[in-house]
Every structure is written in structure tokens, then in C-alpha cells.
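The values are calculated or read from the model by the stated rules, or taken from the named source; none is laboratory data. From a predicted model like this one, the values you see are computed outputs, not experimental measurements. Because the Cβ atoms are built from the backbone with ideal geometry, glycine has one as well, and the counts that use them run over all protein chains shown. Side chains included, ligands, DNA and RNA excluded: accessible areas come from the protein's heavy atoms. Shrake-Rupley method; radii C 1.70, N 1.55, O 1.52, S 1.80 Å.
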Amino acid sequence: QIQLVESGGGLVQAGGSLRLSCVASGRTFGSYAMGWFRQAPGKDREFVAAIRWSAAYADSVKGRFTISRDNAKNTVYLQMNSLKRKDTAVYYCAATILMAIPTMASEYDYWGQGTQVTVSS
């Protein structure tokens with residue numbers, strides 16, 4: 001079992017950048033696929049990006065967001081560039097022991113508390 005803590009959210013103008021971090025507890029971080037999801041008010045939680053040995057992205061963020069991980073630091077990152085107002089949401093880090101790179105929230109076992117990202121015009 002692992003615990004996840006996100007950080008790095010905030011208020012940014014459209015076109016700007018933010019980098020989210022998610023630190024995991026435990027010594028088996030490298031065994032997990034890690035994902036980022038987001039949830040805007042009144043909307044369902046949606047997939048953003050995930051990584052194990054390779055990465056996967058939602059179409060809406062391809063070319064703008066980059067997911068990476070540092071297993072030595074038990075940390076996964078989400079670099080967000082060219083931010084748009086529609087990127088405004090609470091961003092959640094998630095972990096799963098599944099060997100694939102899941103894109104559905106139901107396939108993830110552990111979740112962080114979320115970090116707010118607000119993009120202003």
C-alpha cells in the first residue's frame with residue numbers, strides 16, 4: 001500500500017506553465033503505474049496521462065503536457081505547458097499495480113488528495 005501527496009498546483013494565466021509533483025510513500029514505487037487525472041466542477045474525473053515504462057496521454061493534452069517519473073525519488077511529475085482555461089480542475093495523482101497503462105479511474109487503487117489548478121484568461 002502506498003500514500004500519494006500532490007503539490008504544485010496554483011493560479012496561472014492562459015499560455016503559462018505549471019509542474020505538478022506527486023510523492024509516494026513506500027519502497028515499491030517502481031512497481032506501480034502512475035497516472036494523473038483531473039476533475040472540473042460538475043464533471044466526471046477524466047484521464048490526463050499515465051506512465052510505467054512508457055507514457056500515455058489524453059488527446060486534449062497531447063503536445064502540451066508531459067508525464068515523467070523519478071523512481072529514486074518516489075515521484076511522478078506532470079509538466080503542463082500552454083495551459084488553457086479548460087485545463088482548470090483539481091488534479092489527482094493515482095497508482096495501480098496493473099502491468100498495463102490504465103486510462104480509466106476505476107483501474108487505479110490509490111489516490112492523492114488532489115491539487116487545484118486554475119487557469120485565468
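D59: among the charged types (D, E, K, R), farther than 14 Å from L4 by Cα and open to solvent by less than 10 Å² (accessible area, probe 1.4 Å), yes or no? If you could, list the steps in order and put the result at the bottom.
Numbers: among the charged types (D, E, K, R): yes; farther than 14 Å from L4 by Cα: yes; open to solvent by less than 10 Å² (accessible area, probe 1.4 Å): no.
Spelling it out, it is not the case that D59 is among the charged types (D, E, K, R), farther than 14 Å from L4 by Cα and open to solvent by less than 10 Å² (accessible area, probe 1.4 Å).
Just one of the numbered conditions (1) among the small types (G, A, S); (2) surrounded by 13 or more Cβ atoms within 10 Å (Cβ to Cβ); (3) at positive phi is not true of S21; which one?
(3) is the only condition that S21 fails.
Search the range 80-103 for residues being among the hydroxyl-bearing types (S, T, Y) and open to solvent by 40 Å² or more (accessible area, probe 1.4 Å), and hand back the single one that is modelled with the highest pLDDT. Outline the logic, then answer.
The first filter runs over the range 80-103 and keeps only residues among the hydroxyl-bearing types (S, T, Y), leaving 82, 88, 91-92, 96, 103.
When the remaining residues are screened for being open to solvent by 40 Å² or more (accessible area, probe 1.4 Å), the result is 82, 103.
Details: S82: 98, T103: 94.
Going through the qualifying residues, I end up with S82.
Would you say G26 is surrounded by fewer than 16 Cβ atoms within 10 Å (Cβ to Cβ), at pLDDT below 95 and in a loop (DSSP other than H, G, I, E, B)? So that I can check it myself, show each step before the final result.
Working: surrounded by fewer than 16 Cβ atoms within 10 Å (Cβ to Cβ): yes; at pLDDT below 95: yes; in a loop (DSSP other than H, G, I, E, B): yes.
The answer is yes for G26.
Filter the range 30-56 down to residues that are part of a strand (DSSP E or B) and either over 11 Å from the mean Cα position of the chain (by Cα) or surrounded by fewer than 19 Cβ atoms within 10 Å (Cβ to Cβ) (or both), then give me how many there are. Walk me through how you get there before you give the answer.
First, the residues of the range 30-56 that are part of a strand (DSSP E or B): 33-39, 46-51, 55-56.
Next, from what is left, pick out any that are either over 11 Å from the mean Cα position of the chain (by Cα) or surrounded by fewer than 19 Cβ atoms within 10 Å (Cβ to Cβ) (or both): 33, 39, 46, 55-56.
Result for the range 30-56: 5.
Test T66 against the stated conditions and say whether it is in a loop (DSSP other than H, G, I, E, B), among the hydroxyl-bearing types (S, T, Y) and surrounded by 13 or more Cβ atoms within 10 Å (Cβ to Cβ).
Considered against the rule, which asks whether it is in a loop (DSSP other than H, G, I, E, B), among the hydroxyl-bearing types (S, T, Y) and surrounded by 13 or more Cβ atoms within 10 Å (Cβ to Cβ), T66 comes out as no.
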